[in-house]
Structure formats: structure tokens, C-alpha cells
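Novice: Pasting a structure here, questions to come.
The values are calculated or read from the model by the stated rules, or taken from the named source; none is laboratory data. Quick caveat, the model's predicted, so the values are computed rather than measured. Cβ placement follows ideal geometry from the backbone for every residue including glycine, while neighbour counts extend to all protein chains displayed.
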Amino acid sequence: MTDASASVRRLCVAVDVDDGGPDPLGSGHSLPHLVARASSATGLDRLCMQQDAEAGGGLLLLLPPGVDEAKVIGDLLGELRAVLWRHNRHAGASGRIRLRLAFHQGLTRIGEVGFVGRAVDTVRRLCSCAELRRELIRHPDADLAAILSEQLFDDVIEHERHGLRRCSFRAVDVREDGCTRRAWIHVQGVRGDAVPAPRRGESPDGRLVT
């Protein structure tokens, strides 16, 4: 039997709506629904998703041990961008949704309220950090901004697999609790973006739309 309290190393993802409530798209198009659509399209059918009460409506995604982290990150960023583009092109200014994502990997365990551990705390703080929020302010046309911990960036970006290019990330210093930690930010649509911008009449995944 597996000890549920044992620590397991996992890829952790935090997702939150920038300056929005827990259900910015209305019933039936909540953040969990949107992320589930993107995850399903990328074949991530074995992830664990939980509402993050501490983040006020955000989500925590925990991947199974041993996943190809570069593939997960590249696929999830690409599909979320496509999902957001398809929604926002019809939503208008009042219904537009913009997302912040954070990625980290480390030891996690199952506690009384779901997955807990230092890695979970770290990815949650990265997702809510001021540096990531400022990137979406600096780039008002972008629908998505993501941040990777330095440890994860060093592990998965070095070989530039699955469309993840170093030039599409920018180093930042995240300050919290008197400490400074290096992290790397990617903003959709900015120089070196791994996902090409859609052409007129075409979605980001290359399909014709009407």
C-alpha cells in the first residue's frame, strides 16, 4: 500500500485569473472548466486539480510523477493561449479573461485539505507575485503570462524542447519575506513566443474559424 502522507516529487502548476473573480466567464465557463478543456486537449488526463482557497479562486494542478515536464509546460501554455484567444475574440472588453500561471517542481504530499508541501507553497507565491502581475500590466494585449522557478527553468529550458525557447523568457527577481529568488517569466505574444500568433481567420492552432 502507498502511504498517502509520503512525499512525492511532482510538477506543480498554479493558475489564476488576473484581476478577476473565481468565475469571470459566467456559470459553465469557470476557470476549472477552461483549464480542464485545455488539459484534455493536451492529453493531460491524469492530473489532479484542486481549488486553491488560499488564492481566492485560483487552481492548483499536480502532475503525476515522471511526466515530461518540458512537454507539459509547452503543451499547456499553447493550448491555454488557444482557448483564451477563442473566448476573448467574442467576449468584448467586459468579458475578457487573462491568466497568470506558475510552474515549479518539488516534493508534495496529501494533507487534510489536498496537496501540501513546500513546492505547493512556492508555486502559489510565484503565481501571485507582483512581478508577474506587472508583466500583464506592461503588455495589455497579452492574455497569458507564466513564471517558472529558477530550478525548473534550468532543468527544462536548457535544451529548448517542445517549442520552449530561452529567448521567450525574461529573468526577474521575486521578492518575498525579505528574500529574493530568481525566476523566469514568459508573456504570450512577446518576442520569442513559442506559439505563433494566429493569422486572420485562423485560430492559434491553425484551424480556420468563422
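Novice: From the list Leu164, Leu144, Leu136, exactly one residue is in contact with an Asp or Glu (Cβ under 6 Å, 6 or more places away or on another chain) and closer than 30 Å to Arg89 by Cβ. Which is it? Can you show your working first?
Specialist: On the way: Leu164 fails: in contact with an Asp or Glu (Cβ under 6 Å, 6 or more places away or on another chain); Leu144 fails: in contact with an Asp or Glu (Cβ under 6 Å, 6 or more places away or on another chain).
None of the other options fit; the residue is Leu136.
Novice: Quick check on Ala82: is it over 17 Å from Pro32 (Cβ atoms), in contact (Cβ under 8 Å) with a residue 40 or more places away in the chain and in a helix (DSSP H, G or I)?
Specialist: Numbers: over 17 Å from Pro32 (Cβ atoms): yes; in contact (Cβ under 8 Å) with a residue 40 or more places away in the chain: yes; in a helix (DSSP H, G or I): yes.
Yes, satisfied.
Novice: While we're looking at this one, here's another question. Determine whether the range 115-124 contains at least one residue that is crowded, with 22+ Cβ neighbours inside 10 Å, under 19 Å from Asp143 (Cα atoms) and in contact (Cβ under 8 Å) with a residue 40 or more places away in the chain.
Specialist: No; the residues of the range 115-124 include none that is crowded, with 22+ Cβ neighbours inside 10 Å, under 19 Å from Asp143 (Cα atoms) and in contact (Cβ under 8 Å) with a residue 40 or more places away in the chain.
Novice: When both residues are 6+ apart or on different chains and their Cβ atoms are under 6 Å apart, which pairs have a first residue that lies in the range 148-163 and is under 21 Å from Val15 (Cα atoms), and a second that is of a type in the set (Phe, Trp, Tyr)?
Specialist: Once the first residue is under 21 Å from Val15 (Cα atoms) and sits in the range 148-163, its partners that are of a type in the set (Phe, Trp, Tyr) give Leu148/Phe103; Leu148/Trp184; Leu152/Phe103; Phe153/Trp184.
Novice: Next up: Looking at the range 1-32 only, could you name the residues that are in a loop (DSSP other than H, G, I, E, B), at pLDDT 75 or above and charged (D, E, K, R)?
Specialist: Within the range 1-32, just Asp18 meets the criteria.
Novice: Any chance the range 89-98 includes a residue that's under 15 Å from Val15 (Cα atoms) and either surrounded by fewer than 16 Cβ atoms within 10 Å (Cβ to Cβ) or at pLDDT below 90 (or both)? It would help to see each step written out before you state the result.
Specialist: Of all residues in the range 89-98, those under 15 Å from Val15 (Cα atoms) come to 97-98.
Subsequent filtering for residues that are either surrounded by fewer than 16 Cβ atoms within 10 Å (Cβ to Cβ) or at pLDDT below 90 (or both) retains none.
No - not one qualifying residue is present in the range 89-98.
Novice: Within the range 105-112, is even one residue touching a strand residue (DSSP E or B) at 6+ places or on another chain (Cβ under 6 Å) and either crowded, with 20+ Cβ neighbours inside 10 Å or closer than 16 Å to Gly189 by Cα (or both)?
Specialist: Yes, that holds for at least one residue.
Novice: Something else: Take the range 173-194 and flag every residue that is under 17 Å from the mean Cα position of the chain (by Cα) and more than 17 Å from Ala119 (Cα to Cα).
Specialist: Ile185, His186, Val187, Gln188, Gly189, Val190, Asp193, Ala194, listed by residue number.
Novice: From (1) more than 23 Å from Asp154 (Cα to Cα); (2) free of Cβ contacts under 8 Å to residues at least 12 places away in the same chain, pick out the condition that doesn't hold for Gly66.
Specialist: Result: Gly66 passes all but (1).
Novice: Given the condition closer than 18 Å to Gly106 by Cβ, modelled with pLDDT of 85 or more and in a strand (DSSP E or B), answer yes or no: does some residue in the range 33-48 qualify? Show your work before the answer.
Specialist: First, pick out the residues of the range 33-48 that are closer than 18 Å to Gly106 by Cβ: 47-48.
Right, trim to modelled with pLDDT of 85 or more and you get 48.
Right, trim to in a strand (DSSP E or B) and you get 48.
Yes - at least one qualifying residue is present in the range 33-48.
Novice: Every residue in the range 126-151 that is in a strand (DSSP E or B) and polar (S, T, N, Q), please. Before the answer, list the steps.
Specialist: As a first pass, look at the range 126-151 and keep what is in a strand (DSSP E or B): 144-149.
Listed by number, the list holds a single entry, Ser149.
Novice: In the list Leu60, Leu76, which residue meets the criterion of being touching a strand residue (DSSP E or B) at 6+ places or on another chain (Cβ under 6 Å), under 22 Å from Ser128 (Cα atoms), outside any loop (DSSP other than H, G, I, E, B) and at pLDDT 90 or above? Show your work before the answer.
Specialist: Working: Leu76 fails: touching a strand residue (DSSP E or B) at 6+ places or on another chain (Cβ under 6 Å).
Only one candidate qualifies: Leu60.
Novice: Has the range 97-118 got any residue that is of a type outside the set (Phe, Trp, Tyr) and part of a helix (DSSP H, G or I)?
Specialist: Start the filter on the range 97-118 by keeping residues that are of a type outside the set (Phe, Trp, Tyr), which leaves 97-102, 104-114, 116-118.
If we keep only those that are part of a helix (DSSP H, G or I) as well, we get 118.
The answer is yes; a qualifying residue exists.
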